[in-house]
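See below for the structure under consideration.
The values are calculated or read from the model by the stated rules, or taken from the named source; none is laboratory data. Note that this is a predicted model, so its numbers are computed, not measured. Quick reminder, even Gly has a Cβ in these numbers, built from the backbone with ideal geometry, and neighbours come from all protein chains shown.
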Amino acid sequence: MRSTRSLRVRTGVISLCGAGLLAGACGEVPSPPSAVDVAPAADSEAAAPVTLPQIDGFEADAQTQLRDAHLALQVAIEARTVTGDEFGRLGMLFAAYGLVDGAEAAYLNARGLAPAEFRWDYYLGVLYDTTSRPEQAIPALERALELSPGYVPGLARLGDLLAGQDRVAEATRRYRDALAQDPSCNPCLVGLGQIALQDRDFETAVEHLERALELAPQAATIRYPLALAYRGLGEDAKAQAELDARAEATLNTGMGRQIDRPGVFDPLLQELERMAVSGNVAIEARGVMAAREGRWADAISDFETLVASEPDNAVSRNLLAVALLATGDRDRARHQFQETLRIDPAHPRANLQLGLLLVDDGQEQDAIIRFRAAVEADPGANMAYLNLAGALLRNGDAGEAADVYDALLELDPSNAPARLGRAFALIRAGRHAEAKIRLEEDILARPTEMAFPHTLTRLLAASPDASVRDAGRAAELIQEVTRELQNGQVAETTAMVLAEVGSFDGAVRYQEIAIGLAAEAGMRELAAEMRITLALYHGGQPSRVPFRPNDSVFFPAPFKPPGAFDEPPSGAPGQP
């Protein structure tokens with residue numbers, strides 16, 4: 001099995017290769033004393049030595065690649081032929097493997113020997129930025145842009161850094177310079193939108209952020225500032241719609257960081273990504289990129305190579321499982337998820353995905369075990385909570401389901417599915433008074449979501465608990481609901497309300513409408529059950545069953561996570 005240090009290095013390189021970003025804090029081990037310190041022959045006193053970092057945690061072929069590159073530079077120095085490019089290429093190699101200190105020393109030497117070469121200042125700026133050193137990143141990028149003023153990725157990155165330091169006027173200038181070169185520069189549009197939002201210029205904020213979201217509709221991070229801008233304009237319905245969409249898109253799958261903020265195509269970072277060409281690090285990176293580009297056969301082949309190389313590595317097993325599942329090979333995916341959990345029983349994604357497969361196979365009890373493990377392994381994972389609660393509710397454990405929904409809402413109060421799930425769990429558990437209180441809270445928290453007043457209306461009209469029923473409030477709510485929704489369920493709810501207020505002729509009419517719609521949809525069993533309630537109305541009796549025990553609201557569908565490779569490929573020209 002690969003060492004912990006080696007696994008940490010692999011994770012950093014995946015982030016680099018998959019997202020087009022340098023994984024700055026990749027767990028570099030402090031460098032030991034070395035007999036070989038590389039410095040430029042021309043000015044050895046002024047340049048920092050470039051020591052070969054400790055690399056014993058890497059695969060053997062990666063170690064060979066790093067040592068050979070370092071030795072080749074030493075030979076060039078001794079021959080007094082060393083160039084800035086040679087130092088820079090070594091820096092890129094170190095950076096690609098997450099060896100931050102060595103990369104920094106090599107880049108500095110490269111810049112010293114080739115001060116007119118744009119890329120070494122740029123790579124330095126990227127390195128400083130991704131290792132949380134803005135005070136060094138900003139001047140490095142400024143120097144780079146003096147040499148290449150129209151490099152859009154550099155302008156966007158510098159704009160973000162300046163904005164983060166509250167240097168708003170400078171950030172605005174950089175963003176605008178980038179947009180003059182590339183009107184689709186998404187981070188520039190987002191940056192300008194956020195600056196306008198801070199200045200309470202809501203119209204300008206909306207203009208920029210709407211354009212950014214149009215270019216990258218998958219980018220949930222854009223939706224929150226856009227919602228704030230809509231709210232500033234008094235457009236509360238639009239604001240709530242963006243918050244709802246954000247909640248849906250940002251569910252944590254337990255698979256680690258999901259990149260949803262679009263960047264800008266950066267050929268220099270793409271070149272950096274290709275530096276780590278040896279060993280399992282590179283194989284994994286190639287597999288991830290192949291998956292993100294939809295080349296599933298290539299991705300599976302790469303991941304199978306990793307698994308064959310190290311059968312007891314949970315990271316490789318899980319990657320193979322996710323790729324197999326994406327191609328519809330459920331049986332092999334299930335086997336690889338099981339193998340992942342044999343190696344790492346707490347693996348969040350494998351527990352979640354195996355649980356979903358078990359749900360599909362009707363094995364709810366076993367699925368609940370997997371979902372519990374996923375929640376315990378990643379307590380911040382919304383999707384694990386939602387699936388655990390849903391499985392408990394489907395299994396009849398409504399009280400515990402309500403508790404799980406509550407736990408999720410403590411972490412994420414904006415989670416609409418959790419709020420609605422909690423209401424149905426409380427109703428299924430017979431805790432109607434508590435459900436009534438929670439639904440009133442939900443209506444205040446989610447004023448544009450008709451599911452909450454609709455559900456409350458049924459409770460107020462038909463709960464068997466007299467202390468819960470409130471015919472007047474039910475009549476108010478059903479008017480609000482019917483202004484937005486007209487369907488068979490709402491017709492049945494309207495009948496419940498009319499029966500509760502004593503208008504049985506009206507109740508009969510609306511129940512018959514609901515029955516007719518159910519029959520037209522081919523739901524004959526439902527139509528038959530509704531005729532039982534119709535007979536009550538004919539007899540002058542109200543309903544005392546707000547939801548039938550077999551109602552679909554008590555059997556929520558599982559939440560399926562997006563794939564682990566859903567990010568668009570970073571190397572494709574024109575990608576946002």
Qualifying residue in the range 338-345 (condition: within 20 Å of ARG370 (Cα to Cα), more than 20 Å from the chain's Cα centre (by Cα) and in a loop (DSSP other than H, G, I, E, B)): yes
Residue match in the range 488-498 (condition: assigned to a loop (DSSP other than H, G, I, E, B), free of Cβ contacts under 8 Å to residues at least 60 places away in the same chain and surrounded by 14 or more Cβ atoms within 10 Å (Cβ to Cβ)): no
Test result for SER278, of a type outside the set (Lys, Arg) and either surrounded by fewer than 20 Cβ atoms within 10 Å (Cβ to Cβ) or modelled with pLDDT under 90 (or both): yes
Residue match in the range 116-136 (condition: among the polar types (S, T, N, Q) and assigned to a helix (DSSP H, G or I)): yes
Positions within the range 432-468 being acidic (Asp, Glu) and either in a helix (DSSP H, G or I) or closer than 20 Å to TYR385 by Cβ (or both), in sequence order: GLU434, GLU440, GLU441, ASP442, GLU449
Candidates ALA495, ALA535 - the one that is farther than 30 Å from CYS185 by Cβ, touching an Asp or Glu at 6+ places or on another chain (Cβ under 9 Å) and at pLDDT 95 or above: ALA495
Verdict on GLU410 being assigned to a helix (DSSP H, G or I), of a type in the set (Asp, Glu) and more than 24 Å from ALA374 (Cα to Cα): no
Check on LEU162, touching a Cys at 6+ places or on another chain (Cβ under 9 Å), of a type outside the set (Val, Ile, Thr) and surrounded by 21 or more Cβ atoms within 10 Å (Cβ to Cβ): no
Residues of the range 407-419 classified as over 19 Å from the mean Cα position of the chain (by Cα) and either surrounded by fewer than 22 Cβ atoms within 10 Å (Cβ to Cβ) or at pLDDT below 95 (or both), total: 2
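Residue by residue, here is whether (1) farther than 25 Å from TYR151 by Cβ; (2) modelled with pLDDT of 95 or more; (3) in contact with a helix residue (DSSP H, G or I) (Cβ under 6 Å, 6 or more places away or on another chain); (4) not hydrophobic (A, V, I, L, M, F, W, C) holds:
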| residue | (1), (2), (3), (4) |
| --- | --- |
| ASP166 | no, no, no, yes |
| ARG173 | no, yes, no, yes |
| ALA178 | no, yes, yes, no |
| GLY193 | no, yes, yes, yes |
| ASP201 | yes, yes, no, yes |
| GLU210 | yes, yes, no, yes |
Candidate set from the range 193-208 (those that are closer than 22 Å to LEU141 by Cβ and in contact with an Asp or Glu (Cβ under 9 Å, 6 or more places away or on another chain)); member that is surrounded by the most Cβ atoms within 10 Å (Cβ to Cβ): GLY193
Residues being over 21 Å from GLU364 (Cβ atoms), outside any loop (DSSP other than H, G, I, E, B) and in contact (Cβ under 8 Å) with a residue 40 or more places away in the chain - total across the range 413-431: 1
Extreme residue, nearest to the chain's Cα centre (by Cα), among residues of the range 443-479 that are acidic (Asp, Glu) and modelled with pLDDT of 95 or more: GLU476
Any hit, the range 171-185, residues being buried (at least 22 other Cβ atoms within 10 Å of the Cβ), out of contact with any strand residue (DSSP E or B) (no Cβ under 9 Å at 6 or more places or on another chain) and part of a loop (DSSP other than H, G, I, E, B): yes
Residue satisfying all of: in the range 499-510; under 14 Å from GLY539 (Cα atoms) and touching a helix residue (DSSP H, G or I) at 6+ places or on another chain (Cβ under 7 Å); surrounded by the most Cβ atoms within 10 Å (Cβ to Cβ) among these: ALA507
Tally, over the range 359-383, of residues that are of a type in the set (Asp, Glu) and in a loop (DSSP other than H, G, I, E, B): 2
Exclusive hit being of a type outside the set (D, E, K, R), assigned to a loop (DSSP other than H, G, I, E, B) and either modelled with pLDDT of 85 or more or within 42 Å of the chain's Cα centre (by Cα) (or both), set GLN54, GLN65: GLN54
Conditions (1) part of a loop (DSSP other than H, G, I, E, B); (2) farther than 15 Å from ASP266 by Cα: number failed by GLY150: (2)
Count - residues of the range 318-337 that are part of a loop (DSSP other than H, G, I, E, B) and either under 29 Å from ASP397 (Cα atoms) or not acidic (Asp, Glu) (or both): 2
Boolean, ASP101 is out of contact with any helix residue (DSSP H, G or I) (no Cβ under 7 Å at 6 or more places or on another chain), surrounded by fewer than 22 Cβ atoms within 10 Å (Cβ to Cβ) and touching a residue at least 60 places away in the same chain (Cβ under 8 Å): yes
The range 403-428: number of residues that are among the hydrophobic types (A, V, I, L, M, F, W, C) and farther than 20 Å from GLU449 by Cα: 3
Number of the condition not met by VAL359 [criteria: (1) within 26 Å of ILE427 (Cα to Cα); (2) surrounded by 24 or more Cβ atoms within 10 Å (Cβ to Cβ); (3) in contact (Cβ under 8 Å) with a residue 40 or more places away in the chain]: (2)
Those residues of the range 369-406 which are small (Gly, Ala, Ser), surrounded by fewer than 24 Cβ atoms within 10 Å (Cβ to Cβ) and free of Cβ contacts under 8 Å to residues at least 60 places away in the same chain, in sequence order: ALA373, GLY396, GLY399
So LEU356, is it touching a helix residue (DSSP H, G or I) at 6+ places or on another chain (Cβ under 6 Å), assigned to a helix (DSSP H, G or I) and among the aliphatic types (A, V, I, L, M): no
Count - residues of the range 311-324 that are over 20 Å from ALA96 (Cβ atoms) and either polar (S, T, N, Q) or at pLDDT below 90 (or both): 2
